[in-house]
Amino acid sequence: MSVELRIESHPILDGFNKGELVEFEFDGRKMTGYDGEPIAAALKAAGVMVHRYTVKRKEPRGVSCAIGRCTDCVMVVDGTSNVRTCITALKAGMKVRTQYGFTEVRDS
Ligand code: FES
């Protein structure tokens with residue numbers, strides 16, 4: 001059974017534009033998503049649920065509020081930490097990394 005996980009609409013990002021299918025990289029793996037959709041939407045469609053691990057307890061976090069308020073979805077995007085992927089548009093060639101604490105480097 002196949003389940004479609006792609007987010008097609010958003011209560012805050014009214015009518016985000018879904019452009020052409022483009023390639024991007026997630027933790028070194030090639031993936032595809034639509035240009036202009038939130039990075040988080042492309043990741044959800046690919047089945048990725050964990051975006052970061054907390055600093056102290058190293059607990060996994062993913063999309064929670066989906067409107068740019070909580071920071072649970074932050075990731076390292078093109079070398080920049082703390083990017084809110086639920087409100088950041090996907091572009092071709094982006095390098096998206098799981099965030100461990102404040103960086104893309106797992107410390108243990
Ligand atoms: S899910 Fe809350 S800021 Fe992105």
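Summary of computed values
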| item | result |
| --- | --- |
| For the chain, the fraction of alpha-carbon pairs in successive 10 Å shells from zero, as % | 16, 50, 29, 5, 0 |
| GluC sites (Glu not before Pro) lying in DSSP loop within segment 2-108, provided at most 14 other Cβ fall within 10 Å | 4, 8, 20 |
| Whole-number accessible area per residue in Å² for the chain, which is evaluated in the context of all protein chains at 1.4 Å | 59 |
| Other-chain or far-sequence residues with amide H under 5 Å of residue 83's (modelled H) | 75, 77 |
| Carbon/sulfur fraction of accessible area - segment 11-91, other protein chains in place, 1.4 Å, % | 47 |
| Beta bridges by DSSP in the chain, antiparallel share as percent, to the nearest 5 | 80 |
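The values are calculated or read from the model by the stated rules, or taken from the named source; none is laboratory data. Source: prediction; values computed, not measured. Glycine also receives a Cβ, built like all others from the backbone with ideal geometry; neighbour counts cover every protein chain displayed. In case anyone asks, the SASA skips ligands and DNA or RNA and just uses the protein heavy atoms, side chains included. Shrake-Rupley method; radii C 1.70, N 1.55, O 1.52, S 1.80 Å.
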